[in-house]
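The values are calculated or read from the model by the stated rules, or taken from the named source; none is laboratory data. Computed from a prediction, not measured in an experiment: that's the story for all the values here. Note that we place each Cβ from the backbone using ideal geometry, even for glycine, and neighbour counts take in every protein chain shown. Each accessible area value is taken on the protein alone, full model and side chains, heavy atoms only, with ligands, DNA and RNA left out. Shrake-Rupley method; radii C 1.70, N 1.55, O 1.52, S 1.80 Å.
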Amino acid sequence: MRAAAWLLALSAGLAQAQGDADAFALLRKIQQATERLAYSGTFVYQQGDRTETSRITRFAGAGGVIEKLEILEGQPREIVRTPDSVRCYLPDSQVVKVERRTDTRAFPDVLPDDLAVLAEHYALRRDGRARVAGLECDAVVLVPRDALRYGHRLCADVATGMLLKARIQDAQGHMVEQFTFTQITYGAVARERVKPRFATQGWRVVETATAPANLSAAGWRIQNDLPGFRKIAEVRRTQREAGSLSQVVYSDGMAAVSVFIESLSGRGDAVRPGLSNLGAINIVTREVSDHVVTVVGEAPAASLQRIADRVTYAQPQ
């Protein structure tokens, strides 16, 4: 009896290990595809009753990777991402917003460089096969090991590994937000296709300059006690018209959380403390020592509140 029980436990353990290995292999295939492939496609973002359709074009060549995102509904917008910067073109107001990139990712490039960090805080498992954008896809689920983060379900093209669908879900398995390709074409993309289609002569350029920051030296203490969320950036952002603010970015590999700290001096609009959200993005705002502290991220509201409540200030000696 004991021997049989031991064999059953061993078999279950081996099956679990094999399942984890299969799930990890699929994540690796997704990561490699999103880094390697050139493509053009249309995807739909869904959050509650709200949907938005976009077209993404990715150029991968000797000059590096460039992505152009075109919003196909509502006010026209184009976003061009290079390894160093993000440019947002707003034709209605004839404005170009320019920012340096931080290490945050956007669909379909959602996985971290180091996949091993995911297993620390997510249980990985394969989740069958489905059909997306007319293509067969294999699914993998990332189940959080605690209540501090959302779960994820990713579905990848069987043939290429390209991520076709990404779903963020809460602890009950309900959809928080979802990205789904409705059409995608692989193959070489001409460099011209990722250039903005607007003639921007005479447009106003709003550029955000960034520089390294040390909030601790300035008197700020941010007690980030969310397991697995590591600091990946600490900068000061400056805009000519809007002044400056400090930002600290934390990530667990899948989700990113930012803490923004801005002086109330010269601020035109009133601060509205409390919680708000847009899909998987929760926002917690509070006042601390004549500053507004805003915590923004793809994590449950309780996690962001936990960080916001622990931001304190003491006059440097």
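Of the set (1) closer than 24 Å to P212 by Cβ; (2) free of Cβ contacts under 8 Å to residues at least 24 places away in the same chain, all apply to Q315 but (2). Quick check, is V143 open to solvent by less than 40 Å² (accessible area, probe 1.4 Å) and either in contact with a helix residue (DSSP H, G or I) (Cβ under 8 Å, 6 or more places away or on another chain) or of a type outside the set (F, W, Y) (or both)? Taking the combined requirement at face value, the residue does not satisfy it.
With the requirement that a residue be assigned to a loop (DSSP other than H, G, I, E, B), polar (S, T, N, Q) and over 24 Å from D22 (Cα atoms), what does the stretch 155-208 give you? Selection gives Q172, T200, Q201. Of all residue pairs spaced 6 or more apart or on separate chains, those with beta-carbon atoms under 9 Å, a first member in the stretch 26-51 that is under 11 Å from Q178 (Cβ atoms) and free of Cβ contacts under 8 Å to residues at least 24 places away in the same chain and a second member that is open to solvent by 40 Å² or more (accessible area, probe 1.4 Å) and among the charged types (D, E, K, R) are T51/E73. One residue stands out among those in the stretch 53-81 that are not in a strand (DSSP E or B) and not hydrophobic (A, V, I, L, M, F, W, C): the one that is most open to solvent (accessible area, probe 1.4 Å), which is Q75.
Conditions first: (1) modelled with pLDDT under 95; (2) among the acidic types (D, E); (3) open to solvent by less than 80 Å² (accessible area, probe 1.4 Å). D84 passes all but one, so which condition is the exception? All conditions pass for D84, except number (3). The criterion of at least 3 residues that are open to solvent by 20 Å² or more (accessible area, probe 1.4 Å) is met, among strands (runs of 3 or more DSSP E) falling completely within the stretch 209-317, by 220-222, 230-239, 243-251, 256-263, 274-278, 281-288, 291-297. Looking across the stretch 183-209, the residues that are free of Cβ contacts under 8 Å to residues at least 12 places away in the same chain and farther than 15 Å from R81 by Cα come down to A199, Q201.
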